[in-house]
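Q: Submitted below is the structure of interest, expressed as structure tokens.
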Amino acid sequence: MNLSGKTALVTGGTSGIGEALVRALLAEGARVLTCGRNEHALARSEAEAIACDLATHDGRASLVEWVAKQTDALDVLVHNAGIQREVRIDPDLDEDAVEQELATNLLAPITLTAALLPLLERGREPMVVQLSSGLAIAPKASAPVYCATKAALSNFSRGLRFQLEPKGIRVVDVVTPLVKTPMTAGRHDGAMEVDDFVSKLLRGLSAGRDELYLGKARLLPWLVRLAPDRARNVLRDS
């Protein structure tokens, strides 16, 4: 996959996987647009960037408006921005925090894809890349909302693929393993290095596959087939 001269939008590009992916795409010769909530981090980014909160309607609208001013075609759209919180489902549930997690992880990819579709239709070999998680298959007890959003995102990717295939737009579901990022701080034992993850992601995209299971996540489909109950419980206490 030749990225030279292509235009990519990576949401959440100031930290973790997003930041590493921005660097890698720039190194491949792509023009990279990104967004985030941290203005200081955005100021350090080598990409063209805007500050916005994708959990809000206004934040998503401002991103779409800004992107449309920067380019008349979009070749790669990467939905990377995400929130993972420990959530206890009990009478003290913080509904505002849950809504923010749902909006960032699921509503934003759905609505941004819809709004940016005209730019994607004008792109060269355009693709939408959704960063899901192995937790979509094997959820953990401490983050049920995050796990639910990633399971929904993977299924949304499959349905979206059916719709966009006639338009020539690829939809790629990336099932991530545990990756060493600030979001996973304190859980880095056995985690994949972020630059290694991004390198394998780009190779998988170049290979033309629409579902990518990277790192240890590659074991999950086999485990689901052989021992589904064990697969669903393997990350329970992670």
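Q: Too long at a 23 Å Cα-Cα cut-off: which of LYS6/LYS167; LYS69/LYS180; LYS6/LYS200?
A: Correct reply: LYS69/LYS180.
Q: With a ≥ b ≥ c taken as the square roots of the eigenvalues of the C-alpha gyration tensor of the stretch 1-144, please select rounded if a/c is under 1.5 and otherwise prolate if a/b is larger than b/c or oblate if it is not?
A: prolate
Q: Can you give me the long-range amide H partners of GLY13? Hydrogens built in the peptide plane at 1.01 Å from N, cutoff under 5 Å, separation of 5 or more residues or another chain.
A: CYS35
Q: What's the magnitude of the charge dipole for the stretch 125-233 around its Cα centre, counting Lys and Arg as +1 and Asp and Glu as -1 at the beta-carbon? Answer in Debye, nearest 20.
A: For the stretch 125-233, the charge dipole is close to 240 debye.
Q: Something else: Starting from the eigenvalues of the Cα gyration tensor, five times each then square-rooted, give me the equivalent ellipsoid semi-axes of the stretch 127-209, largest first, whole Å.
A: 25, 18, 8
Q: Then there is this: Mind checking the dipole of the chain: about its Cα centre, +1 per Lys or Arg Cβ, -1 per Asp or Glu Cβ, Debye to the nearest 20?
A: 940
Q: If you don't mind, there's one more thing I want to ask. Placing +1 on the Cβ of each Lys and Arg and -1 on the Cβ of each Asp and Glu in the chain, which of ILE17, VAL175, ALA103 has its Cα farthest towards the positive end of the resulting dipole?
A: It is VAL175, whose Cα lies furthest towards the positive end.
Q: Still on this structure, please answer the following. Which of the peptides 170-176, 214-220 is most tightly packed, and how do the rest follow, judged by the mean count of other Cβ atoms within 10 Å per residue?
A: 170-176, 214-220
Q: Divide by every residue of the chain the summed helix terms, -39500 (n - 2.57) for each DSSP H run of at least 4, and state the resulting mean residue ellipticity at 222 nm, rounded to the nearest 500 deg cm²/dmol.
A: That calculation yields -13000 deg cm²/dmol at 222 nm.
Q: Who wins for biggest fluctuation among ASP196, ASP92, ASP58 in a Gaussian network model of the chain, springs between alpha carbons below 10 Å?
A: Maximum among the listed residues: ASP92.
Q: About its Cα centre, what dipole magnitude does the stretch 1-110 give when the only charges are +1 on Lys and Arg Cβ and -1 on Asp and Glu Cβ, stated in debye to the nearest 20?
A: Computed charge dipole of the stretch 1-110: roughly 600 debye.
Every read-out reported here was derived from the displayed coordinates using simple, explicitly stated rules and does not represent laboratory data. Please read all numbers here as calculations on a predicted model, not as lab measurements. Note that we place each Cβ from the backbone using ideal geometry, even for glycine, and neighbour counts take in every protein chain shown.
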